[in-house]
1. How long is the gain from residue 474 to residue 60 if the chain were fully straight, where each residue apart is worth 0.36 nm and the alpha carbon distance is subtracted?
2. Using a Förster radius of 51 Å, what is the FRET efficiency between residue 245 and residue 38 based on their Cβ-Cβ separation? Nearest 0.05, please.
3. Just to confirm my numbers, what's the Cα centroid distance between segment 1-61 and segment 509-533 in Å?
4. Between residue 548 and residue 376, what's the calculated FRET efficiency when r is the beta-carbon distance and R0 is 60 Å? Round to 0.05.
5. How much length is gained if the chain between residue 496 and residue 332 is pulled fully straight, taking 0.36 nm per residue apart and subtracting their Cα-Cα distance, in nm to one decimal?
6. Taking 0.36 nm per intervening residue step and subtracting the Cα-Cα distance, what contour gain separates residue 444 from residue 252 on full extension?
7. Quickly work out the residue 269-to-residue 72 label distance, labels modelled 7 Å from Cα along the C-beta direction, and quote it in nm with one decimal.
8. Determine the distance separating the Cα centre of segment 229-270 from the Cα centre of segment 114-161; give it in Å without decimals.
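Please treat every number below as a calculation from the coordinates, not as lab data. These numbers were taken from a predicted model, which means no experiment stands behind them. Here the Cβ is made from the backbone with ideal geometry for all residues, glycine too, and neighbour counts use every protein chain on show.
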Ligand code: ARG
């Protein structure tokens, strides 16, 4: 029985217990949760809810349910059930916990997979780079959170697909084209396209600020682009092409899964007129004082949502309506997820509201997975202030530091630079992922790269440590060839509390994944892996493994640590982090 089927088993038995006791369970929603360790492995609030409904004493009802449940659990999946303040808490039996170790060893990289998402499509949109701008540290969160969510959804059986929604359309291209035409140089741009194009954009923007008449010219350049002007089209295509090459470079640099779709904002250009028509037909599109068209969302406290500007240019909003409608029709998604920083919260509220008014269930099937801002110690990463750190700089710096640490800790290590790269990426990604995505936090090298505490390198280190122990065992027992997967009976193991802590944690893995997917919170997985590693390290300190005299016990403990390494590896994979066996 895995933890998913355990939950089903638990639910079935509970319902049966209620029925046997003569309680009417109609309309009762049974919620099973994973409580703090001291309260057992599972907790159910059903008795509490039912007692309140029937005006009975919750403790009394829960007590009766417990007694009935124990009778029904003939398979002894649970060691005990007990009531606490009306909650019914359950503790798994050693037998279940030990069986789980062998399941992990059998299922290996597949342990934790489920069919939860069968026949459900999820669109995950992240790493929405903008054409002609180098991605900076601010783009990192969306990249790593989106990549991790995609991995988790796929692991749970969802048909999950990714899209980048590249920023390749909008009035900023008027500025860029005007800048290029005014003072750009083809040969210079060709040498270092994104850097030079960004420079042109920044320079042109500041010229516009000093001379507002230029803004009009820039607007006209974009209007020309939208109308299909040959020269502007050609320039734009060139800029986009260079940027796409650049984005791919960063995707590889960060070792993100490849994207299923790269449908940029411009992809929706020919789909916007139909959206406008629908909005007008539904009388949602209103004409403003200066000729712009908008949807009035004042009654929802969401202001006005501009669709078309007074100069006729389409807006970011309008492209997003077209995007949603296209995705809905094309992919028939169950969830449509936007991993975007929280400064766009208002935008997505407007987006979902207008779509609802048009008759789409966007407030239910779409989610803005909002991200807090990551700052550097010097302050927030802002383009205007100039303290922007490019993603390239960040990764390069991390590698440099990781190599130095490895030189100190393990100078004899083979393929040092490959491992350093794994550690560097782990440090950066994990630091980001381990913070609740909604929070604001400051990035520091000391915290990210530490081999102690809740860090990526610490988890990698725990994983490598286990492999070190296993290697040692294999070297000294090369002639023994003991099959690690001998199913030992839990009764003879006399499990110690440190062992039980690891076993219980291992059992929770699939449930944690479910929770992380449900709340779009990879940090739940980080916390889990950190606790598992801590439990393992405490176990290894207290309980002999290689030194154990009893060969049965020794074998079991080797199995236990092998399973632990496997779960850390699976978890790290779902965070987009590699698990070297030596470091
Ligand atoms: N490229 C946009 C920006 O940098 C983010 C796109 C977010 N996604 C969306 N569907 N609106 O602000």
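1. Values: separation 414, 0.36 × 414 = 149.04 nm, distance 5.50 nm.
Separation in residues times 0.36 nm, less the Cα-Cα distance, equals 143.5 nm.
2. So, using R0 = 51 Å, E works out to roughly 0.40.
3. Going from one Cα centre to the other spans 23 Å.
4. Working: r = 48 Å, r/R0 = 0.80.
Taking R0 as 60 Å, the efficiency between residue 548 and residue 376 is 0.80.
5. Details: separation 164, 0.36 × 164 = 59.04 nm, distance 5.06 nm.
Contour length minus the Cα-Cα distance gives 54.0 nm.
6. Values: separation 192, 0.36 × 192 = 69.12 nm, distance 2.36 nm.
Separation in residues times 0.36 nm, less the Cα-Cα distance, equals 66.8 nm.
7. Distance between the two pseudo-spin positions: 6.2 nm.
8. So the separation of the two Cα centres works out to 17 Å.
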